[in-house]
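A.B. asks: Please find one structure pasted underneath; my questions will follow.
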Amino acid sequence: MPDIAVYPGSFDPITNGHLDLIQRALKIFDRIIVAVATNAFKKSLFTIEERMEMCRVSLAEFPQVSVDTFEGLLVKYARRQNVRAILRGLRAVTDFEYEFQLAMMNRRLEPEIETVFLMTGLRWVFLSSSILKEAAVHGGDIEGMVPEIVFHRLRAKFGLE
């Protein structure tokens, strides 16, 4: 049975930090499912369809990576996909407490599914989708921090193109 990990997130939008984490995780897992979360309580800049498209285009060179969407409990989705691990990235100590709590809850709900943490590459340790959007809305130069499709979509969204 192949080792499959699910990498969940809002990916609003996907960044080069996400791509770096996925590339490094492919050294550990045979397949990765990028699972774009649908969260009714979180206001997203991009629609679920836009986020999935940006992920697919950004990850096109990796045939062992698929993009899907999920709603509800991540561990239930993971179980349906025969996933053995949940992949999470950690940027700083501040991420750890929240991620640790999620991992413990997920273990309680589905003890057979492990959570694997990878540290964000040093080049991207400052980068989050929220910070990126904040810079983009004010005309900050975000080129090189996101895949090309995301760069153009953000500029178009904020009327900068």
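Computed from the coordinates by the stated procedures, all read-outs in this text should not be read as laboratory data. Just so you know, these numbers come straight off a predicted model, no measurement behind them. With ideal geometry, Cβ positions are generated from the backbone for all residues, glycine too; neighbour counts draw on all protein chains shown.
A.B. asks: At 7 Å along the Cα-to-beta-carbon direction for both Leu109 and Arg123, put a label point, then send me their distance in nm to one decimal.
C.D. replies: Taking the simple label geometry, Leu109 and Arg123 are separated by 3.4 nm.
A.B. asks: Mind giving me the nanometre distance, one decimal, between the label points for Leu73 and Ile131, set 7 Å out from Cα along Cα→Cβ?
C.D. replies: 3.4 nm
A.B. asks: Of the options Ala60, Leu109, Val36, report the single residue whose Cα projects farthest towards the positive end of the charge dipole of the stretch 4-125 (beta-carbon charges: Lys, Arg +1; Asp, Glu -1).
C.D. replies: Projecting each Cα onto the dipole axis, the largest value belongs to Leu109.
A.B. asks: Looking at this model, which pairs from Lys76/Lys133; Lys43/Lys76; Lys43/Lys157; Lys42/Lys157 are more than 21 angstrom apart at the alpha-carbon?
C.D. replies: Over 21 Å Cα-Cα: Lys76/Lys133; Lys43/Lys76.
A.B. asks: I'd like the distance between the alpha-carbon centres of the stretch 1-25 and the stretch 39-83, rounded to an integer number of Å.
C.D. replies: Their Cα centres are 10 Å away from one another.
A.B. asks: Taking the Cα centre of each part, how many Å lie between the stretch 84-103 and the stretch 138-161?
C.D. replies: Between the Cα centres of the stretch 84-103 and the stretch 138-161 lies a distance of 28 Å.
A.B. asks: Another question, then. If we count every other residue with Cβ under 15 angstrom of Ser66's Cβ, Lys/Arg +1 and Asp/Glu -1, where does the sum land?
C.D. replies: -1
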